[in-house]
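Undergrad: Below is one structure. I have some questions about it.
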Amino acid sequence: MSTLQTIKDLLEASLTPSPTVIILGLAFCLVAPILLHFLYSTATPYTTLPSVLLLGPPGAGKTALTTLLERGSSSDTLDGPVAKTHTSQVPSSIELSVNSDDPSTSYKTNLDNESATAKKFLLVDTPGHPKLRASSLMRLNAAEPTIKSSLVSDGGAKSKIKAVVFMVDAAALADGDALPSTAEYLYDVLLTLQKRFHSRGGSRAPASMPVLVAANKLDLFTALPAALVKSNLEAELGRIRAARSKGLLDSGIGQDDVDAGEEGDWLGGDGSEKFSFAQMMEFDVDVDVIGGSVIGDGPGAEKWWKWIGERV
Amino acid sequence: MLDTFEILTTSGVVLWSRTYASVSPTVVNNFITDVFIEEKSSVAGAKNGASAAENPPYKHDQHTLRWTFEKELGIIFVAVYRSLLHISWIDKLVDNIRALFVGLYRDELTKPNTTIVECLTFDQYFDQQLRELEQAGGKSDARAFKNEVLSEDTGDEPPSPPNLTRSQQAQRGASPGSSPNVSRPGTPSTNHLLVAKAGPVAKMSRRARKMQNTNSAPASSSDEGPARKAKAKPVKRGRKWDADGLADEDDGVQLDYSVPTLTSDSEVEAGARPGAVEEVDASTWGSQAKGKFVLKDLGDEVHSILADADAKKSAATKTDAPSGLVGSGLSAIGGLFRNVVGGKVLTKQDLEKAMKGMEEHLLKKNVAREAAVRLCEGVEKELVGVKTGSFESINARIQKAMEVSLTKMLTPTSSLDLLREIDAITSPSATSLRKARPYVMSIVGVNGVGKSTNLSKICFFLLQNKYKVLIAAGDTFRSGAVEQLAVHVRNLKELTAREGGQVELYQKGYGKDAATVAKDAVAYAAQEGFDVVLIDTAGRRHNDQRLMSSLEKFAKFAQPDKILMVGEALVGTDSVAQARNFNAAFGSGRSLDGFIISKCDTVGDMVGTLVSIVHATNVPVLFVGVGQHYSDLRNFSVKWAVEKLLSSA
């Protein structure tokens, strides 16, 4: 009974137009939004880190590179800095930092100990399995801030992609089967970037997107050198381009908009006989091919790291 | 025994592993691809939290994998062993390790933007668990191994010193990151190992082997009378200590660091036995009294963690009921608010209604119920426990998740570039040793779905690309079938004569065996230098065993490079059975290579058949027929199909 009474009293008091109630109410109205703002702005990081997207067919060494770069500074681990890896199913991202004064410093140096200013970025490792590529490409497409993809949920749309590293297995490219599938994925990636260039809306052109084709596993005897990887990939991309132009149309494209469909699918410069990575410059896509190796006694990953450091 | 045990994340990083016999990484990779990515229908999809016993074992190339999956943290626990062996306690081990690992490292696992989990200390937990289960479950076979271990140990050659320091370094946990392949000396499990194979463990340091030697004793004391062995073993151990341990005091100290559990084991044993044992190593044992407590603590800790996990599980099943009227009222209001604003953690109840709606929607799109239920279950599993984004409703989240899983389901695993494949067969590169031969394609399907029509559409497409095509009339049953093809060929000839394509009909009339006709046609094409052979077949009902059985012979005789099945977009639930039966009809070594979905122009948005057949067979859709003309054949675009399926008009 008494509790009911007190509640009643409180209600009455709060509804009587007394100065305390008014002041309290006003204060609440003014302060609450500010408090809420601070609550949310601290909960979510205000600035998003630039990110580097790591793409490539399965088994190329994407996750291995990720772990190498992450663990590189503490190289006293037992089996070397690279963790054992298996097929990935979900993308993962790690936070790395480069020395912004001198991007050529090794990934092994611990930036915490040095006075140099460090620049942080995210390295996003993606699964390479064909069934899971769609989301990676979607992420690439969403790199443009104006386009908000419905598929990217976890902040992918917000994060600004600065560069793309496309890993290939140089040893597998030597024999026939891996080359077409690798090139097909690369074709899709480059085509996405090209379309992204075309789809720029209004005055804001998307920033140029550098692409690094990282020829991995050069520590193996059978691996092709970077120059050969480049020429093989270019030849294969040209073949895919020719095959696609001859192939059937995709479903969903009616007879009326045949022209629109053809326009978008031709990779590189119009009418060129052979495809070369240099043609992609036209679309602000700068492609470099650099060899290296994640494990073993090969050239290591220093060159890739330098490339990433310069682009970030 | 166990070959390897791995704890890995869904992003592909192995957090912790223990290898007893090296297993090719392709075993685990194939397991991940088949079970988690492609979700082959033979192995059920990943259930969160299901114990290893409920998950069907995955078999691959002499190995059996038992596994369990912690969805919330994205961690997979896999145990690999030889299929020949029957290990009864393996389920229990996987489950217990999962409970332990999650209990111990939950905080580290939820850290964003890192793949490093420091779990070097997990070694001892694993050993404890393995020992316990082995003792409980494998008493009988453990005994058989033991004597062999003893005899083999003495015969082994001396080890290389680096091994010792390496393993010790690992023990101290001086470095972060997981350290695979650490064969930790002194684990009881390695006892069996030595017998089973000669891998890295065989090269283990003498010290380590000695440890095993001593360590096998407690196990033995539990199940067989110690009297017999007690005599032989202390002597053996004593000799070894003399040779090495006593000579170098530093080593003794290091040993103390590296193998606390083990020494304590020996101590327990030593305490139980009088005489020689204490006499020989009195000094070393004394300094290692600490080891005993470590063991005890570890065991207790492990049990308490396991008990905790069990309690949590039972609590989770029990306390699902809403607590009190006020509580439910408040949470209902909060839930409504969150539903609008977002940031709500989804539960099964929240999803139930919306998932029903989604299922209805899919059924309306002509997706077979079986496929719709599977899709919805997959999405529900994926979404339970997920937080919605800001200003995102449950329905929007479900829509998004469904889009992703439809895309994943319909996307083919390998490239489907037909022209490229034909080129590879008809003009093989100089380096490969294959001879050029015609590319053989055959088309099967139920009556009246449009086999001949789609065959001629494909033919038209090939002719435009300047191939020389032979059409084989394999339908020797229905009257008019050969004439129908003849008309198509005549039309195609006229249409493409200018463009340089060449097409011919190969026919043997009616009543002949279709398989023989196909075989002859291929031989003829090879002789005459055709690039592609397209074989038409008679339509057959998929549940007529007599007609379907002839397909196996057909596949054997004609050896087609590609077998395509034509399915109607009009057909409903029956599409699942059609696809399954045809897929199984070519014998064990052969299956369908792709589908052509005809009559897509007649169904509008209701393209659910696509989903049904892919769900049933995991075979990709190659082409889509969208009209009556020769040119109305389209490559299948996943994006187009997903858009149509999810459009709510």
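Readers should treat all values here as calculations from the given coordinates under stated rules, not as data from a laboratory. Source: prediction; values computed, not measured. Note: ideal-geometry Cβ built from the backbone for every residue, glycine included; neighbour counts use all protein chains shown.
Undergrad: Between A:GLU273 and B:ALA486, what is the label-point separation in nm under the 7 Å Cα-to-beta-carbon projection?
TA: About 4.6 nm separates the two model spin labels.
Undergrad: Could you list log10 I(q)/I(0) for the stretch B:418-646 at q = 0.18 Å⁻¹, which the Debye formula gives when each Cα is one point scatterer?
TA: After summing over all Cα pairs, the log10 values are -1.42.
Undergrad: Could you give each residue of the stretch B:108-118 its phi-based ³J(HN,Hα) in whole Hz, using Karplus coefficients 6.51, -1.76, 1.60 with θ = phi - 60°, and x for Gly or Pro?
TA: 5, 6, 8, 5, x, 6, 8, 10, 8, 10, 7
Undergrad: Treat each spin label as a single point 7 Å out from the Cα along the C-beta direction, and report the A:LYS246 to A:ILE7 distance in nm.
TA: 8.1
Undergrad: Could you pull out the pairs from B:LYS408/B:LYS644; B:LYS435/B:LYS562; B:LYS466/B:LYS639; B:LYS435/B:LYS457; B:LYS71/B:LYS348; B:LYS512/B:LYS553 whose alpha carbons sit more than 21 Å apart here?
TA: B:LYS466/B:LYS639; B:LYS435/B:LYS457
Undergrad: Using each residue's phi in the stretch B:586-595, evaluate 6.51 cos²θ - 1.76 cosθ + 1.60 at θ = phi - 60° and report the 3J(HN,Hα) Karplus result to the nearest Hz, with x for Gly and Pro.
TA: Values per residue, Gly and Pro as x: 8, x, 6, x, 9, 9, 5, 9, x, 10 Hz.
Undergrad: Give me the net charge for the shell around B:LYS353: Cβ to Cβ below 13 angstrom, other residues only, Lys and Arg +1, Asp and Glu -1.
TA: -3
Undergrad: Here's a follow-up. Rounded to the nearest 0.05, what FRET efficiency is calculated for B:ALA311 and A:GLU95 with R0 set to 45 Å and r the Cβ-Cβ distance?
TA: 0.80
Undergrad: Also, I was wondering about something else. In nanometres, what is the gap between the two model label sites at A:LEU26 and A:TYR40, each 7 Å from Cα along Cα-to-Cβ?
TA: 2.6
Undergrad: Taking the alpha-carbon centroid of each part, what is the distance from the stretch B:57-130 to the stretch B:407-451 in angstrom?
TA: Cα centroid of the stretch B:57-130 versus Cα centroid of the stretch B:407-451: 41 Å apart.
Undergrad: Within 10 Å of each Cβ in peptide A:129-137, how many partner chain Cβ atoms are there on average? Round it to a whole number, please.
TA: So the per-residue partner count for this stretch is 5.
Undergrad: Karplus couplings for the stretch A:166-174 from phi (6.51 cos²θ - 1.76 cosθ + 1.60, θ = phi - 60°), rounded to Hz, Gly and Pro as x?
TA: For the stretch A:166-174, the Karplus curve yields 9, 8, 10, 8, 5, 6, 6, 5, 4 Hz.
Undergrad: Work out the FRET efficiency for A:ALA118 and B:HIS629 from their Cβ-Cβ distance, taking R0 = 51 Å, and round it to the nearest 0.05.
TA: That gives a FRET efficiency of 0.25.
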